[in-house]
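The structure appears below as structure tokens.
Derivation of every value follows stated rules applied to the coordinates shown; laboratory data play no part. Note that the structure is a prediction, hence the values are computed from the model and not measured. Using ideal geometry, Cβ is built from the backbone for each residue, glycine included, and neighbour counts are taken over all protein chains shown.
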Amino acid sequence: MHIPVLPKETIEYLNPKPGDTIVDGTINGGGHSEEILNKIGDKGMIIGIDQDAGILNKLKERWKGRKNIFLANDNFRNLEKVLDSLKIEEVDGVLLDIGISSLQLEESGRGFSFQKDEPLYMTMRSDVDPGVLTAREIVNRWSEAELSDLIWNCGEERFSRKIAANIIRRREKKPIETTFELVDVIRESVPGFYRNNRRINCATRTFQALRIAVNDELGAFKEGLEAASKRLKKGGRLAVITFHSLEDRIAKKFFKDLADAGKGKILAKKPVIPSEEEIKNNPRSRSAKLRAVEIL
Ligand SMILES: C[S@@+](CC[C@H](N)C(=O)[O-])C[C@H]1O[C@@H](n2cnc3c(N)ncnc32)[C@H](O)[C@@H]1O
């Protein structure tokens with residue numbers, strides 16, 4: 001199971017009330033939505049979106065028979081389209097808990113984890129059709145300069161140039177097909193102190209960069225924030241949980257721009273982070289940051 005991150009704090013900032021209509025743009029296993037449902041009651045409604053059809057189907061099965069829930073297999077960048085299809089004009093709250101879930105990391109078999117030997121897909125969509133962009137395609141087709149820029153810009157990896165150069169060298173012999181093959185290239189590209197760092201695996205940043213590119217995570221996030229702010233009613237709230245600095249910077253800037261334009265009130269000056277106890281119980285929460293804004 002995926003353990004919801006910052007559960008109490010998310011509810012406090014989203015502040016769902018009886019009868020509210022709330023969009024959970026990243027519903028996954030429904031952890032946060034369960035808490036939201038407790039607050040909105042039978043008269044409220046959850047519109048749950050997730051781009052991973054496999055995960056959404058499991059949730060549909062679990063929640064069969066519940067009436068005040070609508071689940072859409074879509075990207076949250078299409079939030080307006082989903083609301084239009086339901087003829088819903090405005091909502092009371094939107095939650096985006098972005099990034100990857102434990103279910104995808106551990107069970108999807110799509111190559112999100114550098115600790116498992118899996119095909120190099122990294123797409124959050126469970127349908128890996130020929131037309132869907134994968135990490136394998138990026139690693140084997142992009143130029144050295146494109147790879148180096150990606151690993152630097154989206155992974156903030158200081159050995160990006162060396163890693164990109166070695167990816168090119170390796171793939172000239174044989175395409176890089178699996179996570180372990182890629183980890184091997186990364187390990188030989190970085191100095192010993194970095195390779196043996198116990199705090200952060202030397203493949204973390206390169207994997208993050210590839211996942212961001214495969215799923216266009218930053219583009220989708222910007223469009224999702226924009227769409228949410230358009231469809232929230234006055235007094236409605238937008239809460240977002242991010243997991244690395246690139247995402248947090250986008251949220252911070254978006255909220256500041258809203259506030260500067262007199263269209264939003266920032267609900268906490270500093271992002272809300274998990275307590276030591278939460279991090280102990282759920283280590284994956286350690287980099288989470290929650291920000292929230294109220295629409296004016
Ligand atoms: C961290 S999990 C959310 C966990 C959920 N809040 C819970 O408590 O169970 C993120 C989920 O969002 C989905 N996701 C990420 N980016 C998305 C996007 N742009 N559109 C739709 N779903 C997305 C992923 O497929 C994943 O299932």
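A full extension of the chain between Lys269 and Phe180 corresponds to an added length of 27.9 nm, given 0.36 nm per residue minus the alpha carbon distance. DSSP bridge analysis restricted to the chain gives an antiparallel fraction near 40%, rounded to the nearest 5. Projecting each Cα onto the charge dipole of the chain (Lys/Arg +1, Asp/Glu -1 at the beta carbon, about the Cα centre), which of Thr21, Leu95, Gly264 comes out farthest on the positive side? So the residue furthest toward the plus end is Gly264.
Computed from backbone phi with θ = phi - 60° and the Karplus coefficients 6.51, -1.76 and 1.60, the 3J(HN,Hα) list for region 205-213 is 6, 5, 4, 4, 4, 5, 5, 4, 5 Hz; x is used for glycine and proline. Note on Glu12 and Asp129: their simple-model spin labels are 4.5 nm apart, each label 7 Å out from Cα toward Cβ.
With +1 on the Cβ of every Lys and Arg and -1 on the Cβ of every Asp and Glu, and nothing else charged, how large is the dipole of region 126-283 about its Cα centre, in debye rounded to the nearest 20?
Charge dipole, region 126-283, about its Cα centre: 640 debye, nearest 20.
Considering helices alone, the calculated mean residue ellipticity of the chain at 222 nm is -13500 deg cm²/dmol, with DSSP H runs of length four and up weighted by -39500 (n - 2.57) and normalised per residue. Counting only the backbone N, which residues of region 194-211 are under 11 Å from the spot 7 Å out from the Cα of Lys116 toward its beta-carbon? It comes to no residues whatsoever. In the chain, the longest principal axis of the Cα atoms and the axis of helix 179-189 are about 60 degrees apart. When the Cα gyration tensor is reduced to axis lengths a ≥ b ≥ c, the ratio a/c is 1.5 or higher for region 200-296, and with a/b not above b/c it is classed as oblate. Helix 31-40 axis versus longest C-alpha principal axis of the chain: approximately 10°, rounded to the nearest ten.
So, how do all the Cα-to-Cα distances of region 1-61 break down into 10 Å bins, in percent, from 0 on up? So the P(r) values, bin by bin, are 23, 54, 22, 0. Taking the longest Cα principal axis of the chain as reference, the axis of helix 160-173 is set at about 60 degrees.
Here the extension length gained between Leu103 and Glu90 equals 1.6 nm, from 0.36 nm per residue of separation less the Cα-Cα distance. Counting only aspartates and glutamates at least 8 places from Lys162 when in the same chain, those with an alpha carbon closer than 14 Å to its own are Glu144, Glu146, Asp149, Asp184, Glu188. Every Cα-Cα pair in the chain was counted, and those over 33 Å apart are 26% of them. Here region 1-41 is scanned for amide nitrogen atoms under 20 Å from the site 7 Å beyond the Cα of Glu277 along Cα-to-Cβ, giving 3-13, 32, 35.
Of the trypsin sites (Lys or Arg not before Pro) found in region 128-195, those in coil by DSSP whose Cβ has at most 14 other Cβ atoms within 10 Å are Arg158. Ordering of 124-134, 213-223 by packing is 213-223, 124-134, highest average first (other Cβ atoms within 10 Å, averaged per residue). Residues in region 195-201 carry Karplus couplings, in order, of 5, 9, 4, 7, 6, 9, 5 Hz; the curve used is 6.51 cos²θ - 1.76 cosθ + 1.60 with θ = phi - 60°, and Gly or Pro positions show x. Straight-distance candidates among the lysines for linking to Lys87, with alpha-carbon spacing under 27 Å and chain neighbours fewer than 8 residues away dropped: Lys17, Lys39, Lys43, Lys58, Lys60, Lys64, Lys67, Lys222, Lys230, Lys233, Lys234, Lys263.
Counting charges near Asp260 (Lys, Arg +1; Asp, Glu -1) among other residues having Cβ under 13 Å from its Cβ returns a value of +4. Label zone (Lys39, point 7 Å along Cα-to-C-beta; backbone nitrogen cut-off 13 Å) within region 261-296: 292-294.
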